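The structure appears below as structure tokens.
The values are calculated or read from the model by the stated rules, or taken from the named source; none is laboratory data. These numbers were taken from a predicted model, which means no experiment stands behind them. As a convention, Cβ positions derive from the backbone with ideal geometry for all residues, glycine included, and neighbour counts pool all protein chains shown. We work out accessible area using only protein heavy atoms, side chains counted, and drop any ligands, DNA or RNA first. Shrake-Rupley method; radii C 1.70, N 1.55, O 1.52, S 1.80 Å.
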Amino acid sequence: MKTAYIELNTTNQIRALSRTKGNHSFTYKGIVFYPNTLVTSLPEILHKNYRYFIIDMGVLNTYTTTEFLRCDKRFLICSQSKWRYSHIEQKMKQLFKNNHNTNCIQLIMNLAKKESNFSILPQSCEYIFMPFIPNPFQLEPKQFNVFSLLLRNL
């Protein structure tokens with residue numbers, strides 16, 4: 001499927017996959033990457049002929065939360081560490097206080113620990129526990145289950 005990966009944050013980390021310099025788009029493993037994209041450039045990319053758009057918003061802020069809530073599938077990735085819990089909870093409440101459209105958010109916990117009392121989002125949200133994956137471009141069969149959970153209903 002024709003896919004675009006849009007880095008809608010200023011980290012410019014995705015640039016490391018490119019063999020060229022600059023902030024222009026590049027293709028890697030059949031996916032077109034748009035590094036270091038600004039919110040104002042997003043509509044132009046979204047009007048291009050892609051089947052899927054993956055938008056990496058980095059840390060959500062007031063500018064990207066609106067775009068996040070417009071997405072068909074919404075994934076939040078965060079730590080389950082107890083020492084970060086209050087900070088994450090405060091940030092989530094602040095971001096979603098005026099937005100009641102938090103249905104269909106999948107919260108991906110980046111630890112393989114299955115038990116959790118992490119309840120930042122409403123009960124309608126799904127929690128998925130992501131195992132450590134050393135190379136996301138070369139998956140092992142034991143990792144397929146978690147990705148089938150992420151990809152269902154696409």
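Of all the residues in the range 84-103, those that are modelled with pLDDT under 70 and part of a helix (DSSP H, G or I) number 4.
Conditions tested, residue by residue: (1) at pLDDT below 90; (2) open to solvent by 70 Å² or more (accessible area, probe 1.4 Å); (3) in contact with a Cys (Cβ under 7 Å, 6 or more places away or on another chain).
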residue	(1), (2), (3)
K2	no, yes, no
Y5	no, no, no
L17	yes, no, no
I31	no, no, no
R51	no, yes, no
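The range 1-77 holds strands (runs of 3 or more DSSP E) entirely within its bounds, and those carrying 1 or more residues that are free of Cβ contacts under 8 Å to residues at least 40 places away in the same chain map to 26-28, 31-34.
Applying the set (1) under 15 Å from the mean Cα position of the chain (by Cα); (2) at pLDDT below 80 to F132 leaves exactly one unmet item: (1).
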